[in-house]
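Inspection log for the structure reproduced underneath, given as structure tokens.
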Amino acid sequence: MAQALVRRKSCLWVKGLKVKDREKIKEAIAISIQNGNYTTRELGVDIGKDHSTVSRYLAEMDREGKWGIKRDSNRNIVISLQKQLAQEYRQLESEPFNQLPSIQKWITYLKSGGIPARRISYLVNVVHGISDQLKLMPETIVSFGVPIEATKRKEIVIEYWRNFLAWFNTALMLFLTLQ
């Protein structure tokens, strides 16, 4: 007696909701890809399916061609560089610290200079750390697009250095007198 191989069908559920046809699952995968999920595991977690099921649906979507999803020889989802950069900038703007008006202006200024999103994210994290440690508002740290002449900048640095030395000397004298 020969056994026939029966292909097991996927349950028609997406994110805990029952759907009527397989097209809805493909729509959910396409939306998840637009939201920045590019691996089968990320897609599976997002829509509530196993990664092997997602891979099978991606293969169908690639064959159909109407979904605009392409995969390379390693079966990775291929997205354009422009979409990838837009996604990185979108993630950069969604963080809570970046919602401050001064930080938003500064990020806009950095973007206009052509600085990559990863570098901007690093710089924003540095400013965030400094403002937390020094208990300063970010407006005092960040200047966005306000050019300062080199001589003026040098004068400002010298003034800060003099103030720091004066504070340090008074603190040192106070410390020595208490001992």
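The values are calculated or read from the model by the stated rules, or taken from the named source; none is laboratory data. Bear in mind the structure is a predicted one, so any value in this text is a computation, not a measurement. With ideal geometry, Cβ positions are generated from the backbone for all residues, glycine too; neighbour counts draw on all protein chains shown. The protein model used for the area step is the full one, side chains on, heavy atoms only, and it has no ligands, DNA or RNA in it. Shrake-Rupley method; radii C 1.70, N 1.55, O 1.52, S 1.80 Å.
In segment 73-103, which residue that is in a helix (DSSP H, G or I) and among the small types (Gly, Ala, Ser) is modelled with the highest pLDDT? Across segment 73-103, the extreme among qualifying residues is Ser102. Pairing each residue of segment 114-130 that is over 16 Å from Tyr89 (Cβ atoms) with any residue that is modelled with pLDDT of 85 or more and outside any loop (DSSP other than H, G, I, E, B), provided the two are 6+ apart or on different chains, yields C-beta distances under 7 Å for His128/Phe97. The residue of segment 61-72 that is modelled with the lowest pLDDT, among those that are surrounded by 13 or more Cβ atoms within 10 Å (Cβ to Cβ) and part of a helix (DSSP H, G or I), is Asp62.
Quick one: in segment 1-38, of everything that is under 16 Å from Gly68 (Cα atoms), out of contact with any strand residue (DSSP E or B) (no Cβ under 8 Å at 6 or more places or on another chain) and modelled with pLDDT under 80, which residue is most open to solvent (accessible area, probe 1.4 Å)? The extreme case among them is Gln34. Taking every residue in segment 96-110 that is within 13 Å of Ser121 (Cα to Cα) and pairing it with any residue that is outside any helix (DSSP H, G or I), at least 6 positions away or on another chain, the pairs with Cβ-Cβ distances below 6 Å are Trp106/Val142; Trp106/Phe144.
Listed here are the residues, each with its yes/no results for (1) outside the structural domain of Tyr160 (by the TED database); (2) closer than 20 Å to Tyr160 by Cα; (3) not in a helix (DSSP H, G or I).
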| position | (1), (2), (3) |
| --- | --- |
| Lys105 | no, no, no |
| Tyr109 | no, no, no |
| Gly114 | no, no, yes |
| Arg119 | no, no, no |
| Val124 | no, no, no |
| His128 | no, no, no |
| Ser131 | no, yes, no |
| Leu136 | no, yes, yes |
| Glu139 | no, yes, no |
